[in-house]
Amino acid sequence: MYRLLSIVYGLAHGLVQALEPILVPLCLVAAWVIVGLTVLSVLTGLRSGLQRAKQMHQIPCSTCRFFTQDYHLKCPVQPRAALSEAAIGCPDYDADPAQTSPYITL
């Protein structure tokens, strides 16, 4: 048994010694590929998050005259669309003069 393990160890050691000139650059490239994919994943996630935030900021409900700020009935005119993406371009939107600034004109 000891002799068999010694032979297997000798073969594995010889194989690693023979492949070492190839393994070092291969591991270096693999490590940089992993770093690059991680950076790409983080950047893709940030871009996706910024696009989602930009779209969510287009929802006009919080400055609408009909918005009640009550979680039971957020909007009596469009209750299903209130505070969702369906509210973008709401035909019943009416700006609340108490929440809009007189200094900002669109």
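Structure above, values below:
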{"item": "The range 38-69, residues that are part of a helix (DSSP H, G or I), of a type in the set (V, I, T) and at pLDDT below 95", "result": "T63"}
{"item": "Condition broken by Y9, with the remaining ones in (1) open to solvent by less than 90 Å² (accessible area, probe 1.4 Å); (2) assigned to a helix (DSSP H, G or I) satisfied", "result": "(1)"}
{"item": "Residue count, the range 49-102 (criterion: among the β-branched types (V, I, T) and either touching a residue at least 40 places away in the same chain (Cβ under 8 Å) or surrounded by fewer than 12 Cβ atoms within 10 Å (Cβ to Cβ) (or both))", "result": "0"}
{"item": "Residue within the range 17-37 that is surrounded by 10 or more Cβ atoms within 10 Å (Cβ to Cβ) and polar (S, T, N, Q) present", "result": "no"}
{"item": "Filter result for V29 (among the hydrophobic types (A, V, I, L, M, F, W, C) and at pLDDT below 95)", "result": "no"}
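The values are calculated or read from the model by the stated rules, or taken from the named source; none is laboratory data. Owing to the predicted nature of the structure, the values given are computational and were not obtained by experimental measurement. Positions of Cβ are generated from backbone atoms using ideal geometry, with glycine treated the same way; all protein chains shown enter the neighbour counts. Note: accessible area is taken over every heavy atom of the protein model, side chains too, but ligands, DNA and RNA are not part of it. Shrake-Rupley method; radii C 1.70, N 1.55, O 1.52, S 1.80 Å.
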